[in-house]
1. Please count how many residues of the range 23-41 are over 10 Å from the mean Cα position of the chain (by Cα) and surrounded by 17 or more Cβ atoms within 10 Å (Cβ to Cβ).
2. When both residues are 6+ apart or on different chains and their Cβ atoms are under 8 Å apart, which pairs have a first residue that lies in the range 16-30 and is closer than 12 Å to ASP55 by Cα and among the charged types (D, E, K, R), and a second that is open to solvent by less than 50 Å² (accessible area, probe 1.4 Å) and part of a helix (DSSP H, G or I)?
3. Inspect all residues belonging to the range 54-61 and state whether any of them is within 15 Å of the chain's Cα centre (by Cα), of a type in the set (D, E, K, R), at pLDDT below 95 and open to solvent by less than 90 Å² (accessible area, probe 1.4 Å).
4. Can you pull out every residue in the range 62-87 that is open to solvent by 80 Å² or more (accessible area, probe 1.4 Å), among the aliphatic types (A, V, I, L, M) and within 29 Å of LEU11 (Cα to Cα)?
Amino acid sequence: MQYYRKIVTSLDDRAIIYGRYIINNNATIRETAKFYGVGKSSVHTAVTKHLKLADESLYNKVQKVFIKNKAISHIHGGEAIKQKYAK
């Protein structure tokens, strides 16, 4: 996976870029932040506050991905604990 960070000055533009990445890759906030080399809180703020103002339809699609990710998060946590104690 190649990591890069586009230099964009507008918060709305960054929010749209992050939102498209989340939708195209079914990514979490953590994965998106790592890919773009920014903090998780920066991505979260962009896609929850700025994206809603910039592109509401994209915002709604991102929220659907977040709901799906949240619904399966307990499975990932359980697997991590299982692997930790298997060693």
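The values are calculated or read from the model by the stated rules, or taken from the named source; none is laboratory data. All figures in this text were calculated on a predicted structure; none of them were measured in a lab. With ideal geometry, Cβ positions are generated from the backbone for all residues, glycine too; neighbour counts draw on all protein chains shown. We work out accessible area using only protein heavy atoms, side chains counted, and drop any ligands, DNA or RNA first. Shrake-Rupley method; radii C 1.70, N 1.55, O 1.52, S 1.80 Å.
1. 1
2. ARG20/LEU58
3. Looking through the range 54-61, none of the residues is within 15 Å of the chain's Cα centre (by Cα), of a type in the set (D, E, K, R), at pLDDT below 95 and open to solvent by less than 90 Å² (accessible area, probe 1.4 Å).
4. If the condition is that a residue be open to solvent by 80 Å² or more (accessible area, probe 1.4 Å), among the aliphatic types (A, V, I, L, M) and within 29 Å of LEU11 (Cα to Cα), then ILE67 is the only one that fits.
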